[in-house]
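The values are calculated or read from the model by the stated rules, or taken from the named source; none is laboratory data. Small disclaimer: the values here were computed from a predicted structure and weren't measured. A quick note on method: Cβ atoms are made from the backbone with ideal geometry, for glycine too, and the neighbour counts reach across all protein chains shown. When the accessible area is computed, the model is the full protein with side chains, heavy atoms only, and any ligands, DNA or RNA have been set aside. Shrake-Rupley method; radii C 1.70, N 1.55, O 1.52, S 1.80 Å.
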Amino acid sequence: PPAYQTPRSQLSYSTMGSQGTADNNFWLWGTWGKRVIKAPFLTQKVPGKIRDIVIGQNFIIALKEDGHLVSWGEDKVGCLGLGTEQVNVQDPKKVIFPSGFEGKIVDVQYGKHHVLALTSTGKLYAWGDNSRGQLGLSDQQNRYEPVAVEELRPYTVTQVLALENMSYALTSHGKVYAWGDNTDGCLALEHDKAVVDKPEPMMRMKETEVKKLVVRDCGGAGGKGKTVIAFVELADPLSQKDTIGGFDRPLGGSETDAVVLSDDMEKDIFEGVDLMRQVMDNTQDWWEHILKVRHGSPYTDNPLQVDDLADKDLDNCSAMQLDTFVGLEVLEDASYELDKFIQSARAQLFEIRKKKGTKNVKFMLSLFMDDCKLRREKIRRTVAARQLIEYKRGMPTGAPDLLGIGPDRANYLSKETEAVSSQLTKVRNLRTYDLFTRVLQESLSEVLESKLQVLGLQEEVLKMKQGQKMDISLPGLKILMGRWADLKRFSIYNLYQECNLRGQGLAFNSDDEMFSFLVASSDAKIDQIISMDRDLLVSRDSHIPGLCYELLVENAELRKMCNAYQLKVLLTSSHTSTGPRPPGRQGDGVLALAV
């Protein structure tokens with residue numbers, strides 16, 4: 001009889017399996033071993049859904065939806081994977097993997113007489129014929145049950161191919177390994193050894209990262225030639241709207257198709273949720289500590305409005321009262337506490353910067369850091385404003401009646417002038433952090449300069465009463481000379497010396513960073529002089545020619561240009577120096593321009 005009329009064997013491909021609960025699995029027709037099947041027949045052997053199958057001469061292995069393998073039929077070299085006692089079975093039986101197996105099977109490949117199975121964890125198992133080392137187990141003995149390919153265990157395998165008596169594996173690093181029959185060098189390795197019984201890397205492709213392996217029929221001798229192709233660059237998968245028909249979903253697809261998450265996506269989501277919980281707990285602890293610090297909190301917009309959600313303090317002090325009456329050292333300590341919180345949040349943000357599923361966590365940490373920065377900025381602004389107020393009120397001398405001073409009036413004016421000059425120096429040296437305190441600083445400086453000018457005029461009037469010659473422009477000239485002296489004091493070299501003498505402990509990562517800081521500090525001080533000169537109504541004396549003030553501003557602008565030039569030269573020369581050297585030393589001739 002014709003081959004396709006062979007009596008049904010243990011494969012039982014047209015009837016339901018003996019279990020009686022099998023589903024419709026697949027249709028089958030064409031050439032199968034020595035059989036020719038001219039009419040499609042329905043296989044009903046395996047309960048549940050099937051992802052893939054491999055077909056041998058007289059057996060079938062099916063990959064089920066749950067990642068398990070079942071096999072049935074006959075094979076004498078072990079391809080069923082059921083052990084030496086079960087080489088001929090009628091109904092599907094589960095293939096048992098050895099201890100240490102993790103994950104589930106995601107792909108199964110069949111060569112000439114051997115089977116390769118890839119797990120979801122990237123590990124490879126092999127069984128069947130091993131006469132040409134195609135199992136990769138460092139020997140040539142057949143295996144009747146799955147055995148792990150130990151040579152590839154350190155790597156994550158992403159794809160496998162079983163071709164005749166040859167095997168190939170692609171790892172997550174884009175490297176290809178080959179083993180098995182190497183007759184005539186068909187494995188494309190770097191040697192002609194006929195049998196390769198363990199995976200060896202294909203070194204000729206080591207310079208490129210392979211993305212995918214495929215096998216293509218190319219005719220060849222007897223129409224059985226096959227070619228292996230390794231893709232290096234692959235186009236992105238088609239978007240959903242570019243699938244068949246150009247619709248937003250495949251033809252016949254349901255509008256309510258559920259999105260199936262991969263294991264990696266689920267892992268990222270759960271890790272993100274757990275990380276969110278941890279950060280929430282940390283942030284909550286930090287926030288409770290900030291509330292205990294109290295300083296830096298916003299002011300109440302409406303003092304008459306009671307906020308039931310706000311924390312009630314035992315002393316019932318408002319934020320304004322705390323900022324007004326608490327000691328400056330307490331505010332400085334609060335600013336230091338906020339600095340520590342900012343550093344902690346920044347470190348945690350840096351730690352999770354490359355983790356997936358952390359968008360909300362990064363957003364929350366950024367909000368927390370911004371709140372801490374705003375509170376710290378408010379504290380610094382409060383400290384600067386209160387220090388300026390203390391300088392304004394902290395005149396060491398009183399204001400006695402000049403009529404009662406008598407002949408000691410000149411000595412009194414000299415002492416008061418010295419005291420006001422000292423306060424003016426303190427005001428100008430105070431560090432400001434925002435526009436408000438900077439304007440307040442400039443205004444107070446102008447007030448103190450005006451006070452000095454008044455005292456100077458009083459001294460000139462006193463000279464005139466004593467019969468000496470009076471110079472009404474001299475007080476204004478002294479103020480102008482003080483501004484010139486400040487410009488000289490704001491040179492890069494002098495600022496560097498002040499940092500060392502005061503023991504400020506400024507630390508820099510490089511010379512370039514130090515030079516940049518000094519230039520920025522010098523320019524900021526010079527800008528104060530220029531900004532004050534723009535207040536023509538209070539900063540200029542009508543008895544002094546305007547050219548003097550214009551020359552002062554011109555000199556300040558030139559000094560800023562000189563700072564920029566010095567910075568560029570120092571940055572260039574620092575790359576050739578053997579070690580860090582402070583600016584302004586012998587050999588740094590450029591710095592002498594601003595000293």
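For the range 114-167, what is the Kirkwood estimate of the hydrodynamic radius, computed as the reciprocal of the mean inverse distance between distinct Cα atoms, to one decimal in Å?
Values: mean 1/r = 0.0905 Å⁻¹.
Here the Kirkwood hydrodynamic radius works out to 11.0 Å.
On a 1.4 Å probe surface of the protein chains, which of CYS562, CYS317 comes out largest in accessible area, and what is the full order? Write down the numbers at each step before the final one.
Working: CYS562 25, CYS317 50 Å².
Descending order: CYS317, CYS562.
In whole Hz, with x marking every Gly and Pro, tabulate ³J(HN,Hα) for the range 74-83 from phi via Karplus 6.51 cos²θ - 1.76 cosθ + 1.60, θ = phi - 60°.
Rounded to whole hertz, the list is 9, 7, 8, 9, x, 5, 5, x, 9, x.
When the Karplus curve 6.51 cos²θ - 1.76 cosθ + 1.60 is applied with θ = phi - 60°, which whole-Hz ³J(HN,Hα) does each residue of the range 160-172 get, with x for Gly and Pro?
10, 9, 10, 10, 6, 9, 10, 9, 9, 9, 10, 9, 5
Sorted by mean Cβ packing within 10 Å, highest first, what order do the peptides 459-472, 92-105 take? Walk me through the intermediate numbers first.
Numbers: 459-472: 12.3, 92-105: 14.7.
Per-residue Cβ counts within 10 Å, averaged per peptide and sorted highest first, yield 92-105, 459-472.
With Cβ to Cβ distances under 13 Å as the rule, what net charge do the other residues near SER172 carry (K, R +1; D, E -1)? Write out the running numbers ahead of the final one.
Working: positive: LYS123, LYS175, LYS211, LYS212; negative: GLU209, ASP264.
The answer is +2.
From the backbone phi of the range 141-158, what are the Karplus-calculated ³J(HN,Hα) couplings (6.51 cos²θ - 1.76 cosθ + 1.60, θ = phi - 60°) in whole Hz, Gly and Pro given as x?
Rounded to whole hertz, the list is 9, 5, 10, 9, 9, x, 10, 5, 7, 5, 5, 9, 4, x, 10, 9, 7, 10.
Could you compute how fast the range 82-171 diffuses translationally, taking Rh as the Kirkwood radius over C-alpha pairs and applying Stokes-Einstein at 20 °C with viscosity 1.002 mPa s? Give it in µm² per second.
Working: Rh = 13.3 Å.
Estimated diffusion coefficient is 161 µm²/s.
Within 12 Å, Cβ to Cβ, of ARG346, how many net charges do the neighbouring residues add up to if Lys/Arg are +1 and Asp/Glu are -1? Kindly include the intermediate steps, with their values, before the conclusion.
Numbers: positive: LYS340, ARG353, LYS362, LYS373; negative: ASP339, GLU351, ASP370.
Net local charge, ARG346 excluded: +1.
Pull up all non-local amide H partners of TRP32: gap of 5 or more, or a different chain, and H-to-H distance under 5 Å with H placed in the peptide plane.
Long-range HN contacts for TRP32: ILE37.
For the pairs LYS76/LYS193; LYS76/LYS112; LYS104/LYS206; LYS292/LYS378; LYS212/LYS267; LYS64/LYS211, note any where the Cα-Cα span goes beyond 21 Å. Don't jump to the answer; show the numbers that get you there.
Working: LYS76/LYS193 28 Å; LYS76/LYS112 13 Å; LYS104/LYS206 30 Å; LYS292/LYS378 17 Å; LYS212/LYS267 25 Å; LYS64/LYS211 26 Å.
Long pairs (Cα-Cα over 21 Å): LYS76/LYS193; LYS104/LYS206; LYS212/LYS267; LYS64/LYS211.
Which net charge results for the neighbourhood of GLU150, defined as the other residues with beta-carbon distances under 11 angstrom from its beta-carbon, given Lys and Arg at +1 and Asp and Glu at -1? List each step's numbers first, then the result.
Details: positive: LYS123, ARG153, LYS198; negative: GLU151.
Charge balance in the 11 Å sphere: +2.
Normalised radius of gyration for the range 67-124, please: alpha carbon Rg relative to 2.2 N^0.38 Å, two decimal places.
Taking N as the residue count of the range 67-124, the ratio is 1.12.
Quickly work out the THR425-to-ILE55 label distance, labels modelled 7 Å from Cα along the C-beta direction, and quote it in nm with one decimal.
Calculated label separation equals 10.0 nm.
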